[in-house]
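The structure under discussion appears below in the form of structure tokens.
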Amino acid sequence: MRKLLKSVAVLAGAVALSATAQAADVKPAVIYDMGGKFDKSFNEGVWNGVKRFQDETGIEVMEFEVTNETQREQAMRRMAERGATVILGVGFAQADAIAKVSAEFPDTQFSIIDVSWLDGANLRQYAFKEHEGSYLVGVAAAKASETGKVGFIGGMDIPLISKFACGYVGGAKSVNADIEVYQNMTGTTPSAWNDPAKGAELTRSQIDRGADVVYHAAGGTGGGVIQAAADAGKLAIGVDSNQNGLAPGSVLTSMLKRVDVAAYNTFMDAKNDAFTSGVQILGVAEGGVGWALDENNASLITADIKAAIDAAEADILSGKVKVHDYLTDSNCPY
């Protein structure tokens with residue numbers, strides 16, 4: 001009996017040692033982009049996936065928050081030199097840096113969100129069908145609007161954000177062909193992602209013109225959009241993360257872009273020796289985009305609104321509705 005207990009103890013110790021060794025073999029790192037880790041939007045969505053990975057595995061993830069454009073490549077290279085085995089870059093603005101550094105460190109695994117055009121045997125890329133998720137919340141906006149006028153506030157004026165806007169217009173016009181959709185971009189530099197005062201100013205301007213629902217795809221700037229809509233007694237629509245709780249009762253819904261899933265899968269696949277390179281494109285069918293319903297907006301989502309969103313989602317899944325992707329031709333036909 002004593003020998004059996006000793007054998008069991010040895011086996012348990014070996015298993016624990018094996019688990020510790022496996023954890024030690026994986027050294028994940030993430031580089032957040034402009035706006036900060038807790039921007040309540042895009043970066044924070046990634047953080048949610050990172051946190052889930054850390055909580056489930058006990059493996060610490062090295063982090064860096066970019067505050068100016070020159071830091072991206074420096075931070076990425078420094079993490080690789082420090083022994084990171086898998087490095088996640090957050091956002092298309094890190095494309096040049098990750099292309100260069102991943103080539104310099106071919107034995108390190110790299111992953112990037114919102115990029116699909118790079119090459120590299122050690123590089124995984126995630127792209128999302130933001131136009132599909134934006135179409136769904138456009139349906140919600142048109143259904144909820146009492147004025148027949150809704151708004152969109154983008155962050156940096158780039159084609160990716162026009163992709164959000166175009167999908168939103170398509171969804172709104174599928175409900176009401178005559179609806180007016182006001183559109184403004186916050187700026188042309190990365191600071192446009194972190195300017196809530198400007199977001200609030202643009203939102204108030206759209207509300208003054210009659211908009212009663214305003215959707216933002218503007219990162220940290222979106223906090224100003226949501227607050228301005230709430231202050232005016234109007235509705236906002238959040239983006240990336242579930243932002244319904246930022247102003248309960250004033251956020252109609254949020255367009256969910258599951259960057260948390262991309263972050264979690266990147267690190268978990270690396271841990272499980274299942275990391276693959278190439279491009280992964282996540283849309284409605286893949287659970288990569290959707291909309292948020294919780295206790296904070298349940299009173300706003302009527303049976304009619306929910307039925308309309310569900311029908312639109314089903315039409316996308318069946319192929320009956322093909323939401324136009326602005327990036328294919330730099331055009332919005334709606």
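Only the coordinates and a few stated rules stand behind these numbers; no lab work does. Computed from a prediction, not measured in an experiment: that's the story for all the values here. Positions of Cβ are backbone-derived with ideal geometry, glycine not excepted, and every protein chain shown enters the neighbour counts.
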Going residue by residue through the stretch 234-249, the Karplus relation 6.51 cos²θ - 1.76 cosθ + 1.60 with θ = phi - 60° gives ³J(HN,Hα) values, rounded to whole Hz and with x marking Gly or Pro, of 10, 10, 10, 10, x, 8, 6, 8, 6, 9, 4, x, 5, 8, x, x
Averaged over all directions, how much area does the convex hull of the C-alpha atoms of the chain cover when projected, in nm²?
19.8 nm²
When C166, C332 are arranged by how many other beta-carbons sit within 10 Å of their Cβ, fewest first, they go C332, C166
FRET efficiency for S318 and K51, Cβ-Cβ distance as r, R0 = 25 Å, nearest 0.05?
0.10
Residues with amide H under 5 Å from that of Y182, placed H, sequence gap 5 or more
V150, G151, F152
Which order results if V169, V261 are arranged by neighbouring Cβ count within 10 Å, fewest first?
V261, V169
Viscosity 0.890 mPa s, temperature 25 °C: what is the translational diffusion coefficient of the stretch 216-334 from Stokes-Einstein with a Kirkwood Rh over Cα pairs, rounded to a whole number of µm²/s?
149 µm²/s
State, to one decimal in nm, how far the label point of E69 lies from the label point of A121, with both points 7 Å from Cα in the Cβ direction.
3.3 nm
Given the Cα-Cα distance of D96 and D157 and 0.36 nm per residue of separation, how much length would full extension add, in nm?
20.0 nm
Given K271/K320; K173/K198; K27/K322; K163/K271, which pairs have Cα atoms separated by over 31 Å?
K271/K320; K27/K322; K163/K271
Please arrange S191, S134 by how many other C-beta atoms lie within 10 Å of their C-beta, fewest to most.
S191, S134
Taking max minus min of the Cα coordinates of the stretch 19-132 on each principal axis, largest first, gives extents in Å of 41, 32, 28
For V323, enumerate residues with amide H under 5 Å from its amide H, sequence gap 5+ or separate chain, H modeled in the peptide plane.
none
Set the Förster radius R0 to 25 Å, insert the Cβ-Cβ distance between A307 and A285 as r into 1/(1 + (r/R0)^6), and round the FRET efficiency to 0.05.
0.80
